[in-house]
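Below is one structure, written out as structure tokens; comments come after it.
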Amino acid sequence: MIPLTVILLFLPLCSVADDVQTPALWQQLYQQGDELEKIGKYSEAIAKYEKSLKSAEESDDNAAAAKSLIGIGRIRTKLGEYAEAMKLIQQGRVLSEQINDRSTIVSALVGISELHERESRFQEALQSSEQALAIAQESKDKQSLSA
């Protein structure tokens, strides 16, 4: 029989192992959603992205949550649910801005641009695309300067 003190000593290590697995679970669910989206299985993809979002929120991973929200928003755009899509993509963008995740901010802006294009709001689509491009170029410039 294992003494209680030994169990109590190792218990924190077990919870750390669980925490380490959570991001991998988020990533696996997100990738499954992405693959389902690519083949047009939108309801199944949304379910995977939502599970991914839940996993991200449980582990307080704002970067993962932002990507999941944008993924769901992309599909809502494809389904013509523009108001809901915009809400989700904007939520993802806000989270990305809070942690200065430039690549996810760019993804959100591209999603917003695609949404505006589908709504025939071409000037707004162009503005979002230009913003995305500017951020992407700025990030690339910073990376090349630090290399």
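Please treat every number below as a calculation from the coordinates, not as lab data. From a predicted model like this one, the values you see are computed outputs, not experimental measurements. Heads up, the Cβs are rebuilt from the backbone with ideal geometry, glycines too, and the neighbour counts pull from every protein chain shown.
Structure notes:
- Hits among aspartates and glutamates - C-alpha to C-alpha of LYS38 under 19 Å, sequence gap 8 or more where chains match: GLU50, GLU81, GLU114
- 3J(HN,Hα) from dihedral phi, region 49-54, Karplus parametrisation 6.51/-1.76/1.60, rounded to Hz, x for glycine, proline: 4, 5, 5, 4, 4, 4
- Of LYS54/LYS87; LYS67/LYS140; LYS51/LYS140, pairs whose Cα-Cα distance is over 22 Å: LYS51/LYS140
- Integer Hz, Karplus 6.51/-1.76/1.60 couplings in order for region 70-78, x for Gly and Pro: 5, x, 5, x, 4, 5, 4, 4, 4
- Residue ranges 55-68, 26-39, 125-138 sort as 55-68, 26-39, 125-138 when ordered by packing (mean number of other C-beta atoms within 10 Å per residue, highest first).
- In sequence order, calculated HN-Hα J values of region 115-123 (Karplus, 6.51, -1.76, 1.60; Hz; x Gly/Pro): 4, 4, 4, 5, 8, 6, 9, 5, 5
- Expressed in Å, the radius of gyration and Dmax of the Cα atoms of region 50-147 are 13.9, 43.
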